[in-house]
Every structure is written in structure tokens, then in C-alpha cells.
1. For each of TYR99, TYR145, count neighbouring Cβ atoms within 10 Å of the residue's Cβ, then give the residues from fewest to most.
2. Suppose each label sits 7 Å from its Cα in the direction of the beta carbon; what would the ASP14-GLU58 distance come out to in nanometres?
3. Sort segment 57-151 into rounded, prolate or oblate with this rule: let a ≥ b ≥ c be the square roots of the eigenvalues of the Cα gyration tensor; rounded if a/c is under 1.5, and if a/c is not under 1.5, prolate when a/b is larger than b/c, oblate otherwise.
4. Which distance in nm do the two modelled labels at ARG98 and HIS30 give, with both placed 7 Å along the Cα-to-Cβ direction?
5. Hey, quick one: spin label on GLU116, modelled 7 Å out along Cα-Cβ, who in segment 43-65 has an amide N within reach, i.e. under 16 Å?
6. Mind sorting PHE72, PHE124, PHE81, PHE63 by how few other Cβ atoms lie within 10 Å of their own Cβ, fewest first?
7. In what sequence do ILE70, ILE44 fall when counting other Cβ within 10 Å, fewest first?
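Every read-out reported here was derived from the displayed coordinates using simple, explicitly stated rules and does not represent laboratory data. Bear in mind that the values here come from a model prediction, so they are computed numbers and not experimental data. In this analysis, Cβ positions are derived from the backbone assuming ideal geometry, glycine residues included, and neighbour counts consider all displayed protein chains.
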Amino acid sequence: MTVGSAPNAGDSADAGQRVAERVVAQMLEHDEFSRWLGVEVTHISPNAATLRMTVRPEMVNGFGVCHGGIAFSLADSALAFASNAHGRLTVSVENSIRYPAPIMPGDVLTASAVEERAGGRLAFFTVTVRKQNDDVVALFTGTVYRTSREHVAGDQDGGRHSERRPQAAGALRAHEESESAT
């Protein structure tokens, strides 16, 4: 992973970068699907991520082109890593994708996710997927909900937080229930 903070950006930026790297490493450790895709995280910083993968023969549809779900999944993983890299548990609430060009077996895809706008609990991201010749092959937008739950609770739990990995819908439901109880 490459770091995203600028030199001399200060302790706050360095701390934010460390959190981003730790959260994404923790997420990827438990993300069997992204590992099956062959995703490599090439850049991570708070609210941004770049991932790369190669399209394998088993990822094509009946027409011999890459199944749209593969590009969607790569973009969705980039969104997940970027939106959670700030340290709070964040879940997707709406995503859409457009496919302006075909993807073929052997293509190397790079998905770059960046936060476009955030306010309150919602944040809006764009993910651009390009193949090795820099052609745009997918344009993805995602809306995420930021819960108040921290991924990395300092060292209070000794790093054991990663053992509690609810599914996104379950995490959102549990969060909403805990907020209504207070």
C-alpha cells in the first residue's frame, strides 16, 4: 500500500493515515471475496482508495466478456475501503454503475475511489475503473452511511475489534438499535 499523506502534513495526518492502513488491512484480512477477486490495494488514505486486479477466464460471461458483477465488485470493494478508512464503521446504502466499454479476460483493472462530498452521516463517492490502456470501463457512484462505531478503538480492545465482524445490514441495524436505546 502506498501512503496518502503529504510530507510534513503533521501528526494528525500521520495518525489518520495509520488508521486508514490499519482499518483496510483488518477489512481485507476478513474479505474472502476481495481476495478471490485477486484485489491488490495500491493506495489508501482517509476517504480514498485505489485497487488493482486482473480479470481471469472464470470471470467472463457467456459472451466471452467480463461479467459486469466483477467490475461492480471491484468498485464496491474500493468504495468499502475508501469509506471506512477514516476509522468509523461505514455501510453502503445505494450504489450504481455504468459500463462505457467492455472488459476482456487478461485486462488489468484499476479502481480509484474518492469521496466527493460528505455531510452528517452520509458521504458520496465516485469510483472510476480503468483498464491497463487507461480506458474507462466502469463509472460507479456510491452513497454510504457513517455510523458512530469506531473500527479501531485505539488500543482499548487490544486489536480484538476485528473479531466482531457483523454483515453491513446487521451492523447498521445494531447501530440504529443502540442509538435509539440512548
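1. So the ranking, lowest neighbour count to highest, is TYR99, TYR145.
2. 4.4
3. Prolate, since a/c reaches 1.5 and a/b exceeds b/c.
4. Each label point is offset 7 Å from its Cα along the Cβ direction, giving 3.6 nm.
5. Residues 48-49 fall inside that zone.
6. So the ranking, lowest neighbour count to highest, is PHE63, PHE124, PHE72, PHE81.
7. Ascending Cβ contact count within 10 Å gives the list ILE70, ILE44.
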